Structure formats: C-alpha cells, structure tokens
1. Answer yes if at least one residue in the range 97-110 is farther than 21 Å from T200 by Cβ, open to solvent by 20 Å² or more (accessible area, probe 1.4 Å) and outside any loop (DSSP other than H, G, I, E, B), and no otherwise.
2. Working only within the range 131-150, note down all residues that are part of a helix (DSSP H, G or I) and open to solvent by 40 Å² or more (accessible area, probe 1.4 Å).
3. I128 - would you say it is outside any strand (DSSP E or B) and touching a His at 6+ places or on another chain (Cβ under 7 Å)?
4. Please find, within the range 162-182, the residue that is surrounded by the fewest Cβ atoms within 10 Å (Cβ to Cβ) out of those that are closer than 26 Å to V138 by Cα and free of Cβ contacts under 8 Å to residues at least 12 places away in the same chain.
5. Could you list, in sequence order, all residues of the range 189-217 that are of a type in the set (A, V, I, L, M, F, W, C), part of a loop (DSSP other than H, G, I, E, B) and open to solvent by 30 Å² or more (accessible area, probe 1.4 Å)?
6. Would you mind telling me which numbered condition in (1) in a helix (DSSP H, G or I); (2) in contact (Cβ under 8 Å) with a residue 60 or more places away in the chain; (3) open to solvent by 50 Å² or more (accessible area, probe 1.4 Å) G157 fails?
7. Identify all residues within the range 48-57 that are among the small types (G, A, S) and in contact (Cβ under 8 Å) with a residue 60 or more places away in the chain; write none if there are none.
8. If the Cβ limit is 6 Å and pairs must be 6+ apart or interchain, which residue in the range 65-92 that is open to solvent by less than 30 Å² (accessible area, probe 1.4 Å) pairs with which residue that is of a type in the set (S, T, N, Q) and not in a helix (DSSP H, G or I)?
Amino acid sequence: MSEGDSWPDITATYDEVAGDYAGLFAAELAGKPFDRELLDGFAGAVGGHGPVWDIGCGSAGHITRYLADRGVEVVGADISPGVVAVAREREPGLEFRVADMRTLPVADGGLAGIVAFYSVIHLPREQIPVALAEFRRVLAPGGSLLLAMHGGSGVTGSAEAFGHPVEVRATLVSMGELTRMIEQAGLTVDWQHERDPYPTEHPTPRLYVWARNAALW
C-alpha cells in the first residue's frame, strides 16, 4: 500500500476550515520581510509576461492579492471549493479557480509563472513529482516557479486543524530532495535558500526554490 492510500482528504479538510484559515493568515506577510522581498522580485520577473497562477492560494488569497498589487496578471487556484468561495468573497476583484495542482486546467506552456507557497506539502511524497511535472508542462519556456516548503524529513500532521476536528498532514523534505525532484521534473533550479522559522511560525526550516522551464519547445 502506498502512502497516498492512507492520506487524508485535504479537500474536505480545507473546505471545513476555510473561514478560520482566512482570518489567521490574511495578514501574515506583514510579519515576513524575507517573503515579501522574494515575492517582489518574483513579481518583477514575471509581471507583463503573461498569466501567473498562485497554486494553493488558500482562503485568505493574500499572496494572490500581493502579486496583483504589483501588476502581475495572477489567478489564485486551490483544490478546495470552500477555500475558493471564501477567497472570492474576500477579494471580489481577483480571479480564483478550483483546480488540482496535479491536473491543471491550463494549456501546455500557458503560464509565465507559478507561485506555490506551502501547498505542495499537502501531497504524499510519491505525488510531489507528479505536481512538479505538471508545473513544468504548463510553464512557458523561460517561465518561473517559486516554491516554498517546510523542511525536514518524513511526515507531520494532526487530527485537528485550525480548531476543527479534521485531519491534516504534510510531507517534509530536505533541500537536496526538493531540488532533485524539481530537476527530475525537467526544470532548472536557479536559486535556493533555507531560513529559520520566525517566532510566530511553525518550528520547521523554510525552504525556497526559484526554478524555470528552460525547455525550447
């Protein structure tokens, strides 16, 4: 039996917690100067080059909003219909879509960029390469992927999430494992960084990778 066979239904989990999640995370970038600086650089690199998807945008839609405010043609995407409904209500001027990161409703090479902050963690380890290959498929040649993950090894989780009795689970990776998976998906890693968690964050190292689709189709 694969790990994924016993994986909780992350869609149901986030459908349940969508409202509370939005309240908790809407202002989180205010306390994350490194993330803001990184997103500013990403916005400068992809802005004006075509559509960008914020994959696993969450019900706060805060990264989608941050990029939109910097001139990026951005769409927020999440597997949870409940999350998307809350995000649309909170940010009526932005576009949000229900989508599975492993089967994105985007044509080959249709995106200038993807940002995926702490969303890929919710896949079983064996499914992470599937999502990364899909990211590569939808990125235009030269398109950028900016990915953030929790560092570590194994799997972490809880039978309660955001005050609700729903199961949540996350796959932890080392930087070496993450960059190998990204490169095996056909993307080129241009930059990587690991930082310690801020005092207000879950106590795991934070991994960031900026990669691009270097393919010439």
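1. yes
2. Our first condition is that a residue be part of a helix (DSSP H, G or I); within the range 131-150, this holds for 131-138.
A133, R136, R137 - these are the residues of the range 131-150 that are part of a helix (DSSP H, G or I) and open to solvent by 40 Å² or more (accessible area, probe 1.4 Å).
3. Working: outside any strand (DSSP E or B): yes; touching a His at 6+ places or on another chain (Cβ under 7 Å): no.
When the stated conditions are applied, I128 does not pass them.
4. Going residue by residue through the range 162-182, those that are closer than 26 Å to V138 by Cα are 170-182.
Pick out the ones that are also free of Cβ contacts under 8 Å to residues at least 12 places away in the same chain and you get 176-177, 180.
Numbers: G176: 9, E177: 17, R180: 14.
Out of the qualifying residues, it is G176.
5. Here is the first cut: in the range 189-217, the residues of a type in the set (A, V, I, L, M, F, W, C) are 189, 191, 207, 209-211, 214-217.
So of that shortlist, the ones also part of a loop (DSSP other than H, G, I, E, B) come out as 214-217.
Passing the criteria: A214, L216, W217.
6. Tallying (1) in a helix (DSSP H, G or I); (2) in contact (Cβ under 8 Å) with a residue 60 or more places away in the chain; (3) open to solvent by 50 Å² or more (accessible area, probe 1.4 Å), G157 fails exactly one: (1).
7. Filtering the range 48-57 for residues among the small types (G, A, S) gives 48, 50, 56.
Of everything in the range 48-57, those that are among the small types (G, A, S) and in contact (Cβ under 8 Å) with a residue 60 or more places away in the chain turn out to be G50, G56.
8. From residues that are open to solvent by less than 30 Å² (accessible area, probe 1.4 Å), the pairs are V83/S59; A87/S59.
The values are calculated or read from the model by the stated rules, or taken from the named source; none is laboratory data. If you're wondering where the values come from, they're calculated on a predicted model, not measured in any experiment. All Cβ positions, glycine included, derive from the backbone under ideal geometry; neighbour counts span all protein chains shown. Note: accessible area is taken over every heavy atom of the protein model, side chains too, but ligands, DNA and RNA are not part of it. Shrake-Rupley method; radii C 1.70, N 1.55, O 1.52, S 1.80 Å.
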